[in-house]
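A.B. asks: Structure in structure tokens, see below.
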Amino acid sequence: MEIYEANKYSKLGIKVWPLMVGELWGARELVWQLFIRNFSVRYKQSLLGFAWAIVLPLMAIGTFVLLKKAGIVDIGSTEAPYPVFALIGLSVFQLFSSGLTVGCGALVKAGDMIAKVNFPREVLVLAAAASVVFDFLVKLVLIVCVCGAFHFMPSIGSVFFLFAVIPIILLTLGLMFFFSLANAIFRDVAQIVSIGGTFLMLLTPVLYPVPDRGLFFFRLNPLTALVEGPRDLFISGRISDPSGFFVAAVLSVIIFLTGWRVFHMVEAKIPERL
Amino acid sequence: MAVVLKADNVGKKFSRTLSQMMFYGAQDMAASVFGAIPDSQLLRSGEFWAVNDVSFELRRGESLGIIGPNGSGKTTLLRMLNGIFMPDTGRIELNGRIGGLIHVGAGFHPLLTGRENIYVNGAILGMSRKDIDRKFAAIVDFADIGEFLDSPVRQYSSGMYIRLGFSIAVHSDPDILLIDEVLSVGDRDFSLKCYQKMQEIRERGATIVLVSHNEYVIRERSQRALYLRHGRPVFLGPSEEAISLYIKDDLELKAIRSKEKRAEPQQGVSKKAEILGLRFLDKDENPVSGISTGKLLRVEVFFEAFGTIAQPVFSVNFYTDNGLVYSANNAYENIVLSDLKPGRGRLILTLPQLHLPTDTYYVSVMISEKNPADFIDCQHFAYTLIVERAPNARGTLKLSTAWALEV
């Protein structure tokens, strides 16, 4: 039996978790269908199709290679050839930054559907996240190609590479839940996120290795460990700051669970606010 | 039989302005995150109850009509039943799979083909891929989109779009079907098909909640009706009674308005005569505001002439929302009335068997001299007549019949 009443979920306490998992499991088919929909719509009127996923990283890295060659920026030495190093960093970081960007639009873009049909709204966020993960997988192909071009052999630890990106995906999902809601009420959020994303990329060791000076400041940023961890695994086979990575991973899980819970609690109020 | 849908003191409030909506929205969301359960019974400034204190119960196979003027909360109530809005007060209990025809085709993507949209929309409505595969042929067949199946839906006509949306929704096998005025959108053929499908779903034991402005639809499709005004339930009971009550209330409001209108002097009309008033009488000469179809009706028109009017022409016109239904006019019937002398008078028009179908009619009355188009005075839509269903009759008309049986 289905019951609709005010503050339905607030009253449930801890028992809400199995309910949330159940709802999501029941909606897995919908997530898939929406992912397919977003995917085919995105590339319906485009010549390059999903190759667009690699255009931005190639350009960004090309720019940095040029700046480095010209001696304008001093990036320092990296264990792997610089393009490999930067490409991995950027691909992992873009899971986060593109995730937040599409997360802001996830609810707002589906306004019509939300106002008229009843379905678990989480699926919109998850389907958006799925498209970002797909882009990431496309970039992996590019990474392999670039490794081949520079005759770089990834370490044996790179088999765990995909597991090591799970924390940053969870962190992104958690924040996507928050930002999609916030943007549904105040559209300013999307602007802030797009500006903030650019700055965060420069403040996180994505295109450069962790510097020796100001180390404390970089360690405060959980993204540092979350980008560095998978990259270290790929290149050298061991994480240089395992405790930092562990703390950041735990933090990511907490943010994911909090975001999901908050989203679930207030999702019933979304349709009237859109 | 088991109760499948139960609404208990259900209420929903909305705010009037967008900024208040944003502010209260942020406040509410923050409150629920921090575990404070806000007192949703109270109205904050700028808020109003869109639906207030509605209760009813529906059993398997029953149907309920919801009627009321625009803005009375019908659609909001339906959206709450569908789980799109959570009620602020009270509670709704549902037993079974719910299907909403509140806005068909919501979630269609214009760039995707009909085929792709069937799968996406089906999933949104809670169908599994297997379900959709199994019903795919039936969905396409019912929607009747033929060769457009693999074209993007933005190339569809609005009728095709609605047909496809409706078809997916009805094939999701709901136990409770919520319908909001959608059936009036398609062409006649499709409307008929929809009603047949609804009937089929109902015979299968589904429960139907139907919002409509069309009183015939409510009368024919639901045994009971809920009449809402300003979000409050005015009446819940047999459809016929709910409709009469709604019409009566409506007429009272209109009467107040038309009185104001009548008081305004007519501009640009030469006043050689003036219509003073009009009454409806039944066969016993009693003034009435409603009459059963098929019965005798007299229309009494009071007027005053200020000069001599040769060959006066009177016309009494009956309109519904759809336009003119019948015009009684002595000139068109080649009946010459005697000239009018200055002074007051009365015209009596008798319709021995009123063959107008059940409905609410707005009545206009005009007086002219010789040429019916040149009226001296007129009162547009100033009066209302309710034509009621004939006792012991089905349908909206009562006609005189003759029967012959040859064996």
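The values are calculated or read from the model by the stated rules, or taken from the named source; none is laboratory data. This structure is a prediction, so every number in the text was calculated from the model and none was measured. Cβ: placed from backbone, ideal geometry, glycine included. Neighbour counts: every protein chain shown. When the accessible area is computed, the model is the full protein with side chains, heavy atoms only, and any ligands, DNA or RNA have been set aside. Shrake-Rupley method; radii C 1.70, N 1.55, O 1.52, S 1.80 Å.
A.B. asks: Are there helices (runs of 4 or more DSSP H) fully within segment A:91-191 with at least 3 residues that are more than 17 Å from the chain's Cα centre (by Cα)? List them. It would help to see each step written out before you state the result.
C.D. replies: Values: elements: A:111-116, A:122-149, A:161-164, A:166-185.
Correct list: A:111-116, A:122-149, A:166-185.
A.B. asks: Just to confirm my filter: which strands (runs of 3 or more DSSP E) fall fully inside segment B:61-108 and include at least 2 residues that are open to solvent by 30 Å² or more (accessible area, probe 1.4 Å) and at the interface with chain A (Cβ under 7 Å from one of its Cβ atoms)?
C.D. replies: Values: elements: B:63-67, B:89-94, B:98-101.
Counting at least 2 such residues, we get B:89-94.
A.B. asks: Determine, yes or no, whether residue A:107 is open to solvent by less than 20 Å² (accessible area, probe 1.4 Å) and more than 21 Å from residue A:141 (Cβ to Cβ).
C.D. replies: Details: open to solvent by less than 20 Å² (accessible area, probe 1.4 Å): yes; more than 21 Å from residue A:141 (Cβ to Cβ): yes.
It is true that residue A:107 is open to solvent by less than 20 Å² (accessible area, probe 1.4 Å) and more than 21 Å from residue A:141 (Cβ to Cβ).
A.B. asks: Sticking with this one: Going through segment B:109-118 one residue at a time, which ones are free of Cβ contacts under 8 Å to residues at least 24 places away in the same chain and surrounded by fewer than 20 Cβ atoms within 10 Å (Cβ to Cβ)? Working first, answer last.
C.D. replies: Step one: of segment B:109-118, the residues free of Cβ contacts under 8 Å to residues at least 24 places away in the same chain are B:116.
Those that are free of Cβ contacts under 8 Å to residues at least 24 places away in the same chain and surrounded by fewer than 20 Cβ atoms within 10 Å (Cβ to Cβ): none in segment B:109-118.
A.B. asks: Can we say residue B:125 is more than 10 Å from every other protein chain (Cβ to nearest Cβ) and buried (at least 22 other Cβ atoms within 10 Å of the Cβ)?
C.D. replies: Numbers: more than 10 Å from every other protein chain (Cβ to nearest Cβ): no; buried (at least 22 other Cβ atoms within 10 Å of the Cβ): yes.
For residue B:125, the condition - more than 10 Å from every other protein chain (Cβ to nearest Cβ) and buried (at least 22 other Cβ atoms within 10 Å of the Cβ) - is not met.
A.B. asks: Just to be sure I understand the filter: pairs with C-beta atoms under 8 Å, separated by 6 or more residues or on different chains, first member in segment B:382-407 and within 10 Å of residue B:293 (Cβ to Cβ), second member open to solvent by 80 Å² or more (accessible area, probe 1.4 Å) and part of a strand (DSSP E or B). Which pairs pass?
C.D. replies: Once the first residue is within 10 Å of residue B:293 (Cβ to Cβ) and sits in segment B:382-407, no partner that is open to solvent by 80 Å² or more (accessible area, probe 1.4 Å) and part of a strand (DSSP E or B) comes close enough.
A.B. asks: State yes or no: is residue A:125 open to solvent by less than 10 Å² (accessible area, probe 1.4 Å), modelled with pLDDT of 85 or more and under 30 Å from residue B:75 (Cα atoms)? Explain how you work it out, then say what you get.
C.D. replies: Working: open to solvent by less than 10 Å² (accessible area, probe 1.4 Å): yes; modelled with pLDDT of 85 or more: yes; under 30 Å from residue B:75 (Cα atoms): yes.
Criteria met by residue A:125.
A.B. asks: Return the total of residues in segment B:211-220 being open to solvent by less than 60 Å² (accessible area, probe 1.4 Å) and closer than 17 Å to residue B:102 by Cα. Walk me through it before giving the result.
C.D. replies: So in segment B:211-220, the residues open to solvent by less than 60 Å² (accessible area, probe 1.4 Å) come out as B:211-212, B:215, B:217-219.
Retained after the next criterion (residues that are closer than 17 Å to residue B:102 by Cα): B:211-212, B:217-218.
Final tally of qualifying residues: 4.
A.B. asks: Among the candidates B:323, B:290, single out the residue that is loosely packed, with under 11 Cβ neighbours inside 10 Å, within 34 Å of the chain's Cα centre (by Cα) and at pLDDT below 90.
C.D. replies: Numbers: B:290 fails: loosely packed, with under 11 Cβ neighbours inside 10 Å.
After ruling out the rest, the residue left standing is B:323.
A.B. asks: Can I ask one more? How many residues are under 18 Å from residue B:381 (Cα atoms) and of a type outside the set (S, T, N, Q) if we restrict to segment B:307-364?
C.D. replies: Number satisfying all stated conditions: 16.
The rows are residues; the columns are (1) at pLDDT 90 or above; (2) under 30 Å from residue B:55 (Cα atoms); (3) not in a loop (DSSP other than H, G, I, E, B).
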| residue | (1), (2), (3) |
| --- | --- |
| B:234 | yes, yes, yes |
| B:240 | no, yes, yes |
| B:247 | no, yes, yes |
| B:259 | no, no, yes |
| B:267 | no, no, no |
| B:277 | no, no, yes |
| B:284 | yes, no, no |
| B:317 | yes, no, yes |
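A.B. asks: Separate question: If I go through segment B:190-216 residue by residue, how many of them are in contact (Cβ under 8 Å) with a residue 12 or more places away in the chain and assigned to a loop (DSSP other than H, G, I, E, B)?
C.D. replies: Of the residues in that region, 5 qualify.
A.B. asks: Taking the conditions exactly as written (out of contact with any Cys (no Cβ under 8 Å at 6 or more places or on another chain) and either within 30 Å of residue B:216 (Cβ to Cβ) or open to solvent by less than 40 Å² (accessible area, probe 1.4 Å) (or both)), does residue B:342 satisfy them or not?
C.D. replies: no
A.B. asks: Right, here's the next one. Kindly check whether there is at least one residue in segment B:26-35 that is facing chain A (nearest Cβ under 10 Å), buried (at least 16 other Cβ atoms within 10 Å of the Cβ) and not hydrophobic (A, V, I, L, M, F, W, C).
C.D. replies: yes
A.B. asks: Considering segment B:293-320 alone, what residues qualify as being open to solvent by less than 10 Å² (accessible area, probe 1.4 Å) and of a type in the set (Val, Ile, Thr)?
C.D. replies: Once the filter is applied, which keeps residues that are open to solvent by less than 10 Å² (accessible area, probe 1.4 Å) and of a type in the set (Val, Ile, Thr), segment B:293-320 yields B:293, B:299, B:301, B:309, B:313, B:316.
A.B. asks: Quickly run through segment A:131-168 and pick out the residues that are surrounded by fewer than 19 Cβ atoms within 10 Å (Cβ to Cβ), among the small types (Gly, Ala, Ser) and closer than 18 Å to residue A:246 by Cα.
C.D. replies: Listed by number, the list holds a single entry, A:157.
A.B. asks: So, one more: For segment A:1-55, name all the residues that are open to solvent by less than 60 Å² (accessible area, probe 1.4 Å), basic (Lys, Arg) and modelled with pLDDT under 80.
C.D. replies: Answer for segment A:1-55, where residues must be open to solvent by less than 60 Å² (accessible area, probe 1.4 Å), basic (Lys, Arg) and modelled with pLDDT under 80: just A:8.
Residues are listed down the side, and each one gets a yes or a no for (1) open to solvent by less than 30 Å² (accessible area, probe 1.4 Å); (2) outside any loop (DSSP other than H, G, I, E, B):
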residue	(1), (2)
A:193	yes, yes
A:199	no, yes
A:226	yes, yes
A:234	yes, yes
A:238	no, no
A:244	yes, yes
A:251	no, yes
A:255	no, yes
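A.B. asks: Scan segment B:16-24 and give yes if some residue there is at the interface with chain A (Cβ under 7 Å from one of its Cβ atoms) and over 21 Å from residue B:201 (Cα atoms), otherwise no. Quick ask: steps written out before the conclusion?
C.D. replies: Just the residues of segment B:16-24 that are at the interface with chain A (Cβ under 7 Å from one of its Cβ atoms), to begin with: B:21-22.
Keeping just the survivors that are over 21 Å from residue B:201 (Cα atoms) gives B:21-22.
Yes - at least one qualifying residue is present in segment B:16-24.
A.B. asks: Would you say residue A:17 is under 30 Å from residue B:95 (Cβ atoms), assigned to a helix (DSSP H, G or I) and either touching a Leu at 6+ places or on another chain (Cβ under 9 Å) or more than 14 Å from every other protein chain (Cβ to nearest Cβ) (or both)?
C.D. replies: Values: under 30 Å from residue B:95 (Cβ atoms): yes; assigned to a helix (DSSP H, G or I): yes; either touching a Leu at 6+ places or on another chain (Cβ under 9 Å) or more than 14 Å from every other protein chain (Cβ to nearest Cβ) (or both): yes.
Yes; evaluated as a whole, the condition is true for this residue.
A.B. asks: Considering segment B:184-229 alone, what residues qualify as being among the acidic types (Asp, Glu) and farther than 23 Å from residue B:5 by Cα? Break it down stepwise before answering.
C.D. replies: Of the residues in segment B:184-229, the ones among the acidic types (Asp, Glu) are B:187, B:189, B:200, B:203, B:215, B:220.
Correct list: B:187, B:189, B:215.
A.B. asks: If you don't mind, there's one more thing I want to ask. For segment B:137-179, which positions are more than 32 Å from the chain's Cα centre (by Cα) and within 14 Å of another protein chain (Cβ to nearest Cβ)?
C.D. replies: Matches in segment B:137-179: B:150, B:151, B:152.
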